[in-house]
Amino acid sequence: MKHNATTNAGPRDGFQDKLLQLIYNHALGRALILPFTHPVISKIGGYFMDSSLSRILIPSFIRTAHIDLSQCEPPAGGRYRSFNDLFTRRLLPQARPFDPDPLTLASPCDARLTAYPISPRRVFHIKQTAYRLEDLLRDPNLARRFAGGTALVFRLCVDDYHRYAWPDGGLRAHYRKIPGRLHTVNPVANDHFPIYKENCREYTVVRSQQFGTYLMMEVGALMVGKIVNHHTGYTRLDVIRGQEKGYFAFGGSTIVLLFMPGAVELDEPLLQASAHGEETRVRMGQRIGRAAHRQ
């Protein structure tokens, strides 16, 4: 498994990182960007990305993001109707198979992944920013259940596949949607704003088959006007391992998984990379650990 973030960064990543560093590392830039983090701005951008006019952006995006259309389901009518039609494309099932071992913890999405321990006081740190689970979840009782556990942060970039799946099957126990702003989820923004407790987000609590109770959260980002979760098609609220949970519309975005203490054993390369502040590039269905309570 590759875990060196620098070797995974492409030209597109480098340009975006430099631009965002220029904006967020200067007080004037932060002041100018703040109005654009309002959800209304992302909604306006979403209208354009859903329109036929946005098709003009498709060829250059496919080229610069190195999109392999041979792995994708064909678009309805033989062509993409809008940029978001391409951005929310579905891959062929064989393109992202889930690890067949049911005791394996598989990545729910394509992303740059970092693992963080949650302290007994229900805090984890991303760089110098402390995140209290009470602030993240807006539910102190629920936060206490994950004290001493593990937080996995999956950062999706624009060139990633933006659909995501359930990492394990079980019973949906709780769902919540929290409104907020829409900062970029690039790490540079986290140096100045507590983005994961300011951005709009949704989360679901699952009583799972192999990992006890876990929480899966979707965090919106700059120019991501929509988090689209599927709330129909379940039998008695059951979810299935590897079943699509939803997708993000245009932009970068984040998935956060929370596990209770003793629920998972993460793979050593991921732990080592995270300890050095490096992101691990993962794909949906790829093994990142296993259930801790069984061998």
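The values are calculated or read from the model by the stated rules, or taken from the named source; none is laboratory data. Since this is a predicted model, take the numbers as computed values, not measurements. Don't worry about glycine lacking a Cβ; one is built from the backbone with ideal geometry, like all the others, and counts go over all protein chains shown. These accessible areas exclude ligands, DNA and RNA; they are computed on the full protein's heavy atoms, side chains included. Shrake-Rupley method; radii C 1.70, N 1.55, O 1.52, S 1.80 Å.
Number of residues in the stretch 141-151 that are buried (at least 20 other Cβ atoms within 10 Å of the Cβ) and assigned to a loop (DSSP other than H, G, I, E, B): the value is 2. Go through the stretch 276-295 and give me each residue that's open to solvent by 60 Å² or more (accessible area, probe 1.4 Å) and modelled with pLDDT under 95. Matches in the stretch 276-295: HIS276, GLY277, HIS293, ARG294, GLN295. Entry remark, the stretch 46-59: residues being at pLDDT 60 or above and either open to solvent by less than 50 Å² (accessible area, probe 1.4 Å) or not in a helix (DSSP H, G or I) (or both) number 4 in total. Scanning the stretch 67-106 for residues that are open to solvent by 60 Å² or more (accessible area, probe 1.4 Å) and either among the aromatic types (Phe, Trp, Tyr) or over 17 Å from MET284 (Cβ atoms) (or both) gives LEU69, SER70, PRO74, ALA76, GLY77, GLY78, ARG79, ARG81. Across the stretch 60-80, the number of residues qualifying as free of Cβ contacts under 8 Å to residues at least 24 places away in the same chain, among the hydrophobic types (A, V, I, L, M, F, W, C) and assigned to a helix (DSSP H, G or I) comes to 2. Would you point out the residue of the stretch 180-205, among those that are at pLDDT below 80 and assigned to a strand (DSSP E or B), that is surrounded by the most Cβ atoms within 10 Å (Cβ to Cβ)? Checking each candidate, the answer is ASN199.
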